[in-house]
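Report on one structure; see the data block that follows.
None of the figures in this text is laboratory data; all of them are computed from the coordinates on show. Computed from a prediction, not measured in an experiment: that's the story for all the values here. Heads up, the Cβs are rebuilt from the backbone with ideal geometry, glycines too, and the neighbour counts pull from every protein chain shown.
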Amino acid sequence: MSERITVALVDDQPLLRTGFSLILESEPDLAVLGEASDGAQGVQLVLNRAPDVVLMDVRMPVMDGIEATRRIVAQRPDTRVIILTTFDLDEYAFAGLRAGASAFLLKDVAPEELVEAVRVVAAGDAVVAPRVTRRLLEAYVRPRGGAEDAVQADPAAARQRALAREEGERRAGELTAREHEVLVALAAGYSNQEIAAEFFVSEATVKTHVRRVLAKLGLRDRVQAVVFAYEHGIVTPGG
């Protein structure tokens with residue numbers, strides 16, 4: 001990539017923003033466009049500056065990182081969001097993925113891992129290992145309650161969710177048999193190499209199938225494909 005990858009930092013802890021900024025700015029291909037201390041400021045920063053990647057905390061005043069992620073994905077779909085969490089398997093990481101984040105990282109991530117994550121997400125690939133995503137979804141998707149119950153109690157929200165599910169099912173119905181198999185394999189946490197071995201095809205062929213699956217489902221990356229598969233019952237926890 002000839003141009004520098006631009007990054008926005010959204011976190012209410014100044015020391016964390018400073019630390020991440022120093023790490024990222026030390027790389028010749030990365031540039032920090034700006035910082036924000038809450039989700040509302042973060043959304044405005046993204047709308048004004050259009051960074052390639054946002055590092056987004058989840059617990060912040062004014063607007064939390066989940067809602068900020070949802071708004072950014074809706075208004076700036078080319079900007080990728082990486083959620084910053086304390087634990088790799090927690091409800092905030094799950095909520096971030098459902099809101100449209102492309103990945104999540106632990107706040108104590110090693111500098112080299114942070115830099116690599118930004119590069120990988122900017123290139124449109126997944127940072128979170130699919131198997132970690134699967135464990136996360138198995139923990140939080142199917143035993144629903146809490147916020148999900150609140151959504152169901154709101155008729156407008158329930159209708160919007162039902163329409164989204166119907167649209168997702170319609171798109172899933174457009175997949176070929178092989179594309180459906182590839183989606184199931186993605187949800188199972190298989191890499192391209194493992195999918196190629198499973199179906200006795202080349203990795204190049206697998207990449208083509210993955211691209212078509214993402215395009216037909218209107219998804220941006222593999223992580224969102226895993227979320228889609230669980231949300232629409234294409235795969236089930238433990239299945």
task: Provide the packing ranking of 78-85, 208-215, i.e. peptides ordered by the mean count of other C-beta atoms within 10 Å per residue, highest first.
output: 78-85, 208-215
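Rank by packing, highest mean first: peptides 6-15, 189-198, 20-29, 220-229, with packing defined as the count of other Cβ atoms within 10 Å averaged across residues. Could the numbers behind the result be given before it?
On the way: 6-15: 19.5, 189-198: 16.2, 20-29: 14.7, 220-229: 22.7.
Taking the mean over residues of other Cβ atoms within 10 Å, the ranking is 220-229, 6-15, 189-198, 20-29.
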task: Quick one: what are the phi-derived ³J(HN,Hα) couplings along segment 56-69, Karplus 6.51/-1.76/1.60 with θ = phi - 60°, whole Hz, x for glycine and proline?
output: 10, 6, 9, 9, 9, x, 6, 9, 6, x, 5, 5, 4, 4
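What is the local net charge at residue 20, summed over the other residues whose Cβ is closer than 10 Å to its Cβ (Lys, Arg +1; Asp, Glu -1)?
Values: positive: 17, 107; negative: 11, 25, 35.
The answer is -1.
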- prompt: Simple spin-label model, 7 Å along Cα-to-Cβ: residue 48 to residue 91 in nm?
  reply: 3.4
statement: Two pseudo-spin positions, 7 Å from Cα along C-beta at residue 198 and at residue 4, lie apart in nanometres by 4.1
- request: For residue 176 paired with residue 112, estimate the spin-label separation in nm (one decimal), with each label point 7 Å from Cα along the Cα-to-Cβ line.
  value: 4.1
statement: Under 5 Å from the placed amide H of residue 5, counting only residues 5+ away or on other chains, we find 30, 31
message: So, R0 is 30 Å and r is the distance between the beta-carbons of residue 125 and residue 63; what FRET efficiency does that work out to, to 0.05?
response: 0.60
task: Would you please give the residues with an amide H less than 5 Å from that of residue 63, counting only those at least 5 places away or on a separate chain, with H modeled from the backbone geometry?
output: 39, 40
task: Mind giving me the FRET efficiency for residue 212 and residue 15? R0 is 45 Å, r the Cβ-Cβ distance, nearest 0.05 is fine.
output: 0.50
